[in-house]
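Chemist: Pasting in a structure now, in C-alpha cells, and then I'll have a few things to ask.
The values are calculated or read from the model by the stated rules, or taken from the named source; none is laboratory data. Remember, it's a predicted structure, so these values are computed and weren't measured experimentally. Virtual Cβ from ideal backbone geometry, glycine too; neighbours counted across all protein chains shown.
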Ligand code: SF4
Ligand code: SF4
Ligand code: FES
C-alpha cells in the first residue's frame, strides 16, 4: 500500500471491556478494533485477535507452521507502524492499538486479491480459501491477466499428488508443512521471480524423492494448486461434497477424517482431515488414511457372508446359516482335537468393541487364550 495513506482511527483502550485472556501468562494488553484483549508475550496479533473473536483473513498461515508473512493477506493497521503489518507474524506489545477492518485494510485486501486473480489464468478453484476470500472482499480493481507461466513437474506421474502451477500463489504452506510437520522436505520453492515454483530436488517424481505421500501438502494448500490426482477432474465439485466424520481403521491411532461423499452417487470421492487443532491427528493423515479408501466402493468387496458348498466353492448365504456353520465347525474341532487347537485372529480394521468380542469368544465360549490381533505385533 502507498505510504501516504493515513492510518485509520485507533480507538481508545477504554472503549470496551477486556476479553478473556488466553491463559495465566497473558500479561500484555492490546486494543483490537476497540476491544481490550490480554495476550501473552510472544503471541502474534493474529493469535490475540482470533481469541477475541476477530476474523483476520489469511492465506499463508497454518497454525502448525512457523509464520512466514508470505501472502500479505493478513495486513492490519497497528499503532507501532506507519505501514500495515502482517498480523500472522507481528508480535503483540503492551498498549498496541490495532485496526483490522478499516477502509484502508479493506482496500488492501481487494487489491491483493485482484493481483492473485490476475495471476490465475485458469481461474480460482471453487471452495478454496482463496476463493472464499474473493467472495468476501471482492476484486477491486479488476486487473488484466498477467503472463507469468510457472513450470510444474509434467513428468511426475505419481498417482497421488498433482501440482497445478497456474493455481499456485507461492505461499509456501506446502513446502513448510513438508519440512516442519512431515519432516521430509521433499518439496521446495525453486527458481526466482515470476518463474518461482514448487519443485523436488532435480525435479524428480515425488516417488523418487523423500516424499512419504502423506498428502498434507494437499490439505494445507489454500488454492487447490495441489490436489489428489485421481479426483483432480472433479475439483470444481468439491464444495458440493458432504463430509462424514469417521475414525480411520488402518491402525490403532484413531485418526479422525472426513469422508467427502457425493450424495447423488452415494460415493466417497476423497478423504480430508479435520482442521488442525480439532482432533488428535491435528490435521495430519498418513498415506493409507488419505489415499487408500478405494476399498469402500470396490466391486470385489464382500458385502454378504459366504460358505463353501459341497464342491468347495464359496457361495453367498444368509448370516444365520453362516454363523451356524462356523459354530458347528469350530465346536467340532474343539471336541475332536482340544480347545487349544483353535486360534482366533482379529483385525485392526475392526472396532475396539469388535476386537473385544473376538477375544471374549475365544476365552469364554471356546476356553482358549489363543487370540491375537494384527496391530498387536
Ligand atoms: S505428500 Fe507429504 S511428504 Fe510428500 S511432498 Fe506432500 S507434504 Fe511432503
Ligand atoms: S502449491 Fe499451494 S500451498 Fe504450495 S505454495 Fe502453491 S499455493 Fe501455497
Ligand atoms: S497470513 Fe499473514 S502474511 Fe500470509
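Chemist: If you check 172, 183, 232, 199, which single one turns out to be free of Cβ contacts under 8 Å to residues at least 12 places away in the same chain, closer than 27 Å to residue 63 by Cα and not assigned by TED's automatic domain parsing to the domain that holds residue 275? Break it down stepwise before answering.
Modeler: On the way: 172 fails: free of Cβ contacts under 8 Å to residues at least 12 places away in the same chain; 232 fails: free of Cβ contacts under 8 Å to residues at least 12 places away in the same chain; 199 fails: free of Cβ contacts under 8 Å to residues at least 12 places away in the same chain.
Of the residues listed, the single one that is free of Cβ contacts under 8 Å to residues at least 12 places away in the same chain, closer than 27 Å to residue 63 by Cα and not assigned by TED's automatic domain parsing to the domain that holds residue 275 is 183.
Chemist: Moving on to the next point. Is it the case, given these coordinates, that residue 122 is within 22 Å of residue 283 (Cβ to Cβ), out of contact with any strand residue (DSSP E or B) (no Cβ under 7 Å at 6 or more places or on another chain) and not in a helix (DSSP H, G or I)?
Modeler: Judged against the criteria, residue 122 is not a match.
Chemist: What are the residues in region 68-115 that are within 16 Å of ligand 2 (Cβ to nearest atom) and farther than 19 Å from residue 133 by Cα, if any?
Modeler: Residue satisfying the conditions is 68 alone.
Chemist: Moving on. Give the residues of region 173-191 that are in a helix (DSSP H, G or I) and within 16 Å of ligand 3 (Cβ to nearest atom), sorted by residue number.
Modeler: If the condition is that a residue be in a helix (DSSP H, G or I) and within 16 Å of ligand 3 (Cβ to nearest atom), then 173, 174, 175, 176, 177, 180 are the ones that fit.
Chemist: So, one more: Could you check residue 251 against (1) over 17 Å from the mean Cα position of the chain (by Cα); (2) in a helix (DSSP H, G or I); (3) surrounded by fewer than 15 Cβ atoms within 10 Å (Cβ to Cβ) and say which number it fails?
Modeler: (2)
Chemist: With the requirement that a residue be part of a helix (DSSP H, G or I), away from ligand 3 (no atom under 16 Å from the Cβ) and under 19 Å from residue 282 (Cβ atoms), what does region 192-224 give you?
Modeler: Scanning region 192-224 gives 216, 217, 218, 219.
Chemist: Within region 321-329, is even one residue surrounded by 11 or more Cβ atoms within 10 Å (Cβ to Cβ), in contact with a strand residue (DSSP E or B) (Cβ under 7 Å, 6 or more places away or on another chain) and under 26 Å from residue 289 (Cα atoms)?
Modeler: No, the conditions are met nowhere in region 321-329.
Residue by residue, here is whether (1) at pLDDT 95 or above; (2) surrounded by fewer than 16 Cβ atoms within 10 Å (Cβ to Cβ) holds:
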| residue | (1), (2) |
| --- | --- |
| 9 | no, yes |
| 19 | no, no |
| 26 | no, no |
| 30 | yes, no |
| 51 | no, no |
| 54 | yes, no |
| 58 | yes, no |
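Chemist: Restricting attention to region 39-46, does a residue exist that is part of a loop (DSSP other than H, G, I, E, B), under 23 Å from residue 181 (Cα atoms) and over 20 Å from the mean Cα position of the chain (by Cα)?
Modeler: Yes, region 39-46 contains a residue that is part of a loop (DSSP other than H, G, I, E, B), under 23 Å from residue 181 (Cα atoms) and over 20 Å from the mean Cα position of the chain (by Cα).
Chemist: If a residue has to be on the phi < 0 side of the Ramachandran plot and within 12 Å of ligand 2 (Cβ to nearest atom) to count, how many in region 147-178 make the cut?
Modeler: Of the residues in that region, 19 qualify.
Chemist: Would you say residue 147 is in contact with a helix residue (DSSP H, G or I) (Cβ under 6 Å, 6 or more places away or on another chain) and surrounded by fewer than 17 Cβ atoms within 10 Å (Cβ to Cβ)?
Modeler: Taking the combined requirement at face value, the residue does not satisfy it.
Chemist: Return the only residue of 221, 168, 217 being closer than 20 Å to residue 258 by Cβ, in contact with a strand residue (DSSP E or B) (Cβ under 9 Å, 6 or more places away or on another chain) and more than 8 Å from ligand 1 (Cβ to nearest atom).
Modeler: None of the others qualify; the one that does is 221.
Chemist: Residues in region 150-157: is at least one buried (at least 17 other Cβ atoms within 10 Å of the Cβ) and either assigned to a helix (DSSP H, G or I) or within 16 Å of ligand 3 (Cβ to nearest atom) (or both)?
Modeler: no
Chemist: Here is a further query. Residue by residue through region 72-119, note down the ones that are assigned to a loop (DSSP other than H, G, I, E, B) and under 30 Å from the mean Cα position of the chain (by Cα). Outline the logic, then answer.
Modeler: Filtering region 72-119 down to residues assigned to a loop (DSSP other than H, G, I, E, B) leaves 72-74, 79-84, 87-90, 92-96, 100-102, 119.
72, 73, 74, 84, 87, 88, 89, 90, 92, 100, 101, 119, listed by residue number.
Chemist: Considering only region 302-363, give the strands (runs of 3 or more DSSP E) lying wholly within it that have at least 3 residues that are closer than 30 Å to residue 250 by Cβ.
Modeler: 306-308, 344-346
Chemist: How many residues are surrounded by 18 or more Cβ atoms within 10 Å (Cβ to Cβ) and more than 16 Å from ligand 2 (Cβ to nearest atom) when one looks only at region 218-248?
Modeler: Looking only at that region, the number is 2.
Chemist: Still on this structure, I have one more. Looking only at region 128-135, decide whether some residue is over 22 Å from the mean Cα position of the chain (by Cα) and either surrounded by fewer than 18 Cβ atoms within 10 Å (Cβ to Cβ) or within 16 Å of ligand 3 (Cβ to nearest atom) (or both). I'd like the intermediate steps shown before the answer.
Modeler: Our first condition is that a residue be over 22 Å from the mean Cα position of the chain (by Cα); within region 128-135, this holds for none.
The answer is no; no qualifying residue exists.
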